[in-house]
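The values are calculated or read from the model by the stated rules, or taken from the named source; none is laboratory data. None of the values given here were measured: they were computed from a predicted structure. Neighbour counts run over all protein chains shown; Cβ positions are idealised from the backbone, glycine included. We work out accessible area using only protein heavy atoms, side chains counted, and drop any ligands, DNA or RNA first. Shrake-Rupley method; radii C 1.70, N 1.55, O 1.52, S 1.80 Å.
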Amino acid sequence: MPYIVTLEALKNRAMAHDPERAFDIAKCDVTEVAQLIDRYPAIVPAKYLKCHIESSVHEPSGSWLIEIDAQKPRTANSDGAILDDGEFFIKLNCNYEAGDAPGFLNRRRSHGVTTPGGYECVGGFDKARDGTWSADVNARYDPETESDCRRIVQGVSRMDAIAALWRERQYACCYHGA
């Protein structure tokens, strides 16, 4: 049975263990859940330590629900995925610090010549020069706009861009077969 908890509850538990770092803990976002659990293992039941973070869902209330699957160990492959529903996953760009990294929306596919990693990138989120964030997904080529990309949201916070990208994942255009 998975362990489900809000991000706010995890941060509050961590702050209770380390009040001197409360300011830094409060700044943690959903992309840093694994690091938060590793640093403060007492914030989750022992059987969920080093387990795969199965999914994070942005609720309309503004809170993030974190689901930790005790049946699956956290692996190097899953550490970078901040959201994962089994078909789609969002992975952070490993060339950045986790708290400021842009990321990619990927859809799992069979391994092949055009999908050697077993997935296809179908969207992403990125930081603009003004410090705001945007998200987009692949779309059918539109000769009028000369684009194969659909902007979902722009000028928003990083978490809003991630949440918008996740909500639109089913509508991303895929170019490679199943």
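The set of residues from segment 1-37 being loosely packed, with under 14 Cβ neighbours inside 10 Å and at pLDDT below 80 comprises M1, I4, Q35. Cβ separations smaller than 6 Å between residues 6+ apart or across chains give the following pairs from segment 68-95 residues that are modelled with pLDDT of 80 or more to residues that are open to solvent by 60 Å² or more (accessible area, probe 1.4 Å) and among the basic types (K, R): E87/R108.
Selection over segment 3-38 of residues that are under 20 Å from D100 (Cα atoms) and of a type in the set (S, T, N, Q) gives a count of 2. State which residue is nearest to Y175 (Cα to Cα) when the search covers only segment 128-146 and only residues that are open to solvent by 90 Å² or more (accessible area, probe 1.4 Å) and in a strand (DSSP E or B). So the residue we want is R140. Just for segment 43-67: of the residues that are aliphatic (A, V, I, L, M) and surrounded by 10 or more Cβ atoms within 10 Å (Cβ to Cβ), which one is modelled with the lowest pLDDT? The qualifying residue modelled with the lowest pLDDT is V57.
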